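Read the structure below first, then the notes.
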Amino acid sequence: MGKFINKYNKVLVTVFLAIIISIIFIYGFSLKKDQIKKSTYHVTTVENVSPYCGKGTVASSSTYTKQIPPDAILSTELRNEQTVQKGEALATISFPAKQAELKQVQANITSIQEQLEEQKITNEDQDQPDLKISTDKDTADQTEIQTLKSTLKQNRQIAITNLQNRLTEQQASKDELLQQSEIEVIAPFDGTYQLRQLKNGQQEIMVFSKKRVLEAFVPQANYTQVKNNAKITLKNSILAEKQDSKISFVSELPVTQKYAKQPAYKFTVPVDSTFLNGQVVKFKVPQTGVQVPKAAVKKNHVYLVQPNGQAQKINVTGKPLGQKFIISDGLKKGDKIIIDPNKNLHDGLKIHEHK
């Protein structure tokens, strides 16, 4: 009986010890699993910034427009699509009402000039010395005659002055009407001539420059990715080849586009004659720096995963762009960083990558 009890006690102790060891093992395993869980993070590899891509339309670099007023008459010998050179006469615009005014002013000038000529002849006649028929005239009569002649001469001089003033005014009106009654339209640059008929019945002269540019729009969120003089690569779908150029202009004023949620900004790129007016062209604007998810950056620092698997906190320089953070200094392509840093993350922590 005693042997049975001793054997039973030994079994009981063994079971108890096994239970204790199992509990310790399970606790240790659970603790290690919890530690691994707390040190497990999503990791990503740093990449170069993606180029800004889009498409635009080829157009003339400059367009000259001249609307013909409804009260004017247009005269031209040019045909639509005709090539013109800078300084070449495109058309003559005449204004019948102004021409009628000019004709009347010219008639007024002729009339005034004739009146002035008559006054001149009269003055020459009046200035001839009087022949004295007798010498016994009364001195008082002679004085009266001289006074009368002097008054007449003054009146004639006033009349001449008035006529000259009127002539000056009419000549000034003539000069002004000459400019207004007929206008010659001159080509401001080399280009292609076109005469269009507008819906309101008016006509419009246009000259499209031979020089061409790609016109495109960049949304507000991507504005910093397009800069003046920046390199840009264009894809000419007609020739199935690429062409490098530089951005020549970036607008500072926004343009509201239909169906767009945010304003856009126009920019232009010079292109050669292989691109056609109206052609839609795809482009790429290369960017500098590297990009990481914006969530990986906290107060301008990120956690770099070292080759030994430990985390290292480093400072970075850059700016957010959408859901990305563009880094100009602090990281390079190929570096591994933690996407979802939290309060448990610190320097030297052994990192387990989330699978």
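The values are calculated or read from the model by the stated rules, or taken from the named source; none is laboratory data. In this text, all values refer to a predicted model and were calculated from it rather than measured experimentally. Because the Cβ atoms are built from the backbone with ideal geometry, glycine has one as well, and the counts that use them run over all protein chains shown. Only protein heavy atoms, including side chains, enter the accessible area calculation; ligands, DNA and RNA are left aside. Shrake-Rupley method; radii C 1.70, N 1.55, O 1.52, S 1.80 Å.
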Do any residues in the range 94-105 that are within 13 Å of S75 (Cβ to Cβ) have Cβ atoms under 8 Å from those of residues that are outside any helix (DSSP H, G or I) and small (G, A, S), where the two are at least six apart or on different chains, and which pairs are they?
S94/A72; S94/S75; F95/A72
Out of curiosity, is Y265 surrounded by 13 or more Cβ atoms within 10 Å (Cβ to Cβ), of a type in the set (F, W, Y) and more than 30 Å from I351 (Cβ to Cβ)?
yes
Which one of these does A18 not meet: (1) modelled with pLDDT of 65 or more; (2) open to solvent by less than 40 Å² (accessible area, probe 1.4 Å); (3) small (G, A, S); (4) part of a helix (DSSP H, G or I)?
(2)
Which of the following residues is open to solvent by less than 40 Å² (accessible area, probe 1.4 Å), within 30 Å of S111 (Cα to Cα) and not in a loop (DSSP other than H, G, I, E, B): L163, L234, L178?
L163
So K103 ticks every box in (1) over 57 Å from the mean Cα position of the chain (by Cα); (2) of a type in the set (K, R); (3) at pLDDT 90 or above but one. Which box is left unticked?
(1)
Strands (runs of 3 or more DSSP E) fully within the range 300-339 counting 3 or more residues that are of a type outside the set (D, E, K, R):
301-305, 311-315, 317-321, 324-329
Filter the range 55-66 down to the residues that are surrounded by 14 or more Cβ atoms within 10 Å (Cβ to Cβ) and of a type outside the set (S, T, Y), then identify the one that is nearest to K282 (Cα to Cα).
G56
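Okay, residues lined up against (1) among the acidic types (D, E); (2) over 15 Å from T57 (Cβ atoms); (3) open to solvent by 60 Å² or more (accessible area, probe 1.4 Å):
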residue	(1), (2), (3)
G201	no, yes, no
F217	no, no, yes
A240	no, yes, yes
K246	no, yes, yes
Y259	no, yes, yes
L276	no, no, yes
P286	no, yes, yes
For the range 264-295 the number of residues that are closer than 17 Å to L321 by Cβ and assigned to a loop (DSSP other than H, G, I, E, B) is 4
Note down all Cβ pairs under 7 Å where the first residue falls in the range 332-353 and is modelled with pLDDT of 90 or more and of a type in the set (G, A, S), the second is open to solvent by less than 30 Å² (accessible area, probe 1.4 Å) and not in a strand (DSSP E or B), and they're at least six residues apart or on different chains.
G334/V46
Subset tally (residues that are over 16 Å from K66 (Cα atoms) and either part of a loop (DSSP other than H, G, I, E, B) or without any contact (Cβ under 8 Å) to a residue 60 or more places away in the chain (or both)) for the range 191-219
3
Exclusive hit being open to solvent by less than 70 Å² (accessible area, probe 1.4 Å), among the basic types (K, R) and assigned to a helix (DSSP H, G or I), set K98, K120
K98
Which condition number does S209 fail, the rest of (1) exposed (fewer than 15 other Cβ atoms within 10 Å of the Cβ); (2) touching a Gly at 6+ places or on another chain (Cβ under 9 Å); (3) small (G, A, S) being met?
(1)
Which residues, taken from the range 324-336, are among the aliphatic types (A, V, I, L, M) and either out of contact with any Leu (no Cβ under 8 Å at 6 or more places or on another chain) or closer than 12 Å to K294 by Cβ (or both)?
I326, I327
